[in-house]
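Trainee: Have a look at the structure that comes next, please.
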Amino acid sequence: MNIDFKKMGGLVPVIIQDAVTAKVLMLGFMNEEAYEKTMETKLVTFWSRTRQCLWTKGETSGNYLHLVSIKEDCDHDTLLIQAHPDGPVCHLGTDTCWGEENDVNPILFLTELQDFINVRHKEMPEGSYTTSLFRKGVNKIAQKVGEEAVETVIEATNGTGEKLIYEASDLLYHLIVLLTSKGLRIEDIASELIKRHNPDWDKARRIKKSKE
């Protein structure tokens with residue numbers, strides 16, 4: 001990375017974002033030493049402008065920020081850090097420094113599940129049910145999706161809401177496995193649904209890609 005620490009007298013602003021929820025948690029500042037310590041320990045460390053010293057977030061409260069990724073902006077003078085927080089980020093006890101709740105949107109778990117299934121597909125660990133599905137091949141996986149779809153329909157017509165959710169979860173999981181076996185992701189379905197809902201969205205995306 002080519003971070004410009006000179007522009008603000010040795011400091012750069014750092015935006016902290018939850019790596020799972022994408023919620024902006026806080027804003028801090030780093031000097032070069034704080035950046036290097038963050039990279040070394042994988043715990044986000046700042047430079048305190050009031051105390052004039054380094055401080056690792058969570059060193060007194062225990063609410064550490066575990067580094068996931070770090071990016072610099074186009075001018076190389078601002079950092080975006082994605083992290084996993086151990087607890088509330090603000091010193092006032094709130095999840096964020098803006099008093100917002102940092103709740104996980106359950107729909108975001110689908111991407112996490114997709115990433116997990118991708119790893120299974122790549123590594124094929126022994127003893128994994130997902131691995132066993134991939135080894136059976138696409139025809140067997142597709143058959144399993146069909147079976148889960150039938151069970152979902154049965155619960156929708158004759159079962160309870162709780163059982164319907166259970167069977168629909170099985171269906172969605174096996175569908176993601178099927179998509180992965182074909183080199184696709186659950187986000188590809190989301191993109192198709194967005195395109196159907198707003199055809200102009202897909203047109204704008206194609207224009208953007210052509211410019212890139």
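Trainee: Would you list Glu155, Glu162 from the most to the least accessible area, probe 1.4 Å? List each step's numbers first, then the result.
Mentor: Details: Glu155 40, Glu162 150 Å².
Sorted descending by solvent-accessible area, the residues read Glu162, Glu155.
Trainee: Calculate one ³J(HN,Hα) per residue across region 70-87 by plugging θ = phi - 60° into the Karplus curve 6.51 cos²θ - 1.76 cosθ + 1.60, and present them in order as whole Hz with x for glycine and proline.
Mentor: Whole-Hz 3J(HN,Hα) from phi for region 70-87: 9, 10, 9, 7, 5, 9, 6, 10, 9, 10, 10, 10, 9, 8, 9, x, 7, x.
Trainee: Relative contact order for the chain using alpha-carbon pairs under 8 Å, separation at least 6, rounded to a whole percent? Could the numbers behind the result be given before it?
Mentor: On the way: 271 pairs, mean separation 29.4, N = 212.
The normalised contact order for the chain reaches 14 percent.
Trainee: How large are Rg and Dmax for region 1-82 when only the alpha carbon atoms are used, in Å?
Mentor: 11.9, 34
Trainee: Let me ask something additional. Once phi is turned into ³J(HN,Hα) by the Karplus curve 6.51 cos²θ - 1.76 cosθ + 1.60 with θ = phi - 60°, what whole-Hz value does each residue of region 135-145 show in order, with x for glycine and proline?
Mentor: Karplus-based 3J(HN,Hα) across region 135-145 equals 5, 6, x, 5, 5, 5, 5, 4, 4, 5, 4 Hz.
Trainee: Something else now. Could you work out [θ]222 nm for the chain from helices alone, using -39500 (n - 2.57) per DSSP H run of at least four and dividing by all its residues? Round to the nearest 500 deg cm²/dmol. Working shown, then result.
Mentor: Working: 7 runs with 100 residues, N = 212.
Taking each H run of at least 4 residues, the total per residue is -15500 deg cm²/dmol.
Trainee: Using the Karplus curve 6.51 cos²θ - 1.76 cosθ + 1.60 with θ = phi - 60°, what ³J(HN,Hα) values do you get for each residue of region 44-59, in whole Hz, with x for Gly and Pro?
Mentor: Per residue, the Karplus-derived 3J(HN,Hα) values read 5, 10, 10, 10, 7, 6, 8, 8, 6, 7, 6, 8, 8, 4, x, 5 Hz.
Trainee: Do any of Lys42/Lys122; Lys7/Lys37; Lys42/Lys163; Lys57/Lys163; Lys122/Lys195; Lys144/Lys195 go past 32 Å between their Cα atoms, and which?
Mentor: Values: Lys42/Lys122 26 Å; Lys7/Lys37 21 Å; Lys42/Lys163 42 Å; Lys57/Lys163 43 Å; Lys122/Lys195 30 Å; Lys144/Lys195 28 Å.
As for pairs spanning more than 32 Å Cα to Cα, those are Lys42/Lys163; Lys57/Lys163.
Trainee: Please list Asp77, Asp200 in order of solvent-accessible area, largest first, computed with a 1.4 Å probe with all protein chains present. Walk me through the numbers on the way to the answer.
Mentor: Details: Asp77 30, Asp200 105 Å².
Ranked list, largest accessible area first: Asp200, Asp77.
Trainee: Given C-alpha coordinates of the chain, what is the ratio Rg to Rh with the Kirkwood estimate of Rh?
Mentor: Working: Rg = 22.5 Å, Rh = 20.8 Å.
A ratio of 1.08.
The values are calculated or read from the model by the stated rules, or taken from the named source; none is laboratory data. Just so you know, these numbers come straight off a predicted model, no measurement behind them. Ligands, DNA and RNA are excluded from the accessible area calculation, which covers all protein heavy atoms including side chains. Shrake-Rupley method; radii C 1.70, N 1.55, O 1.52, S 1.80 Å.
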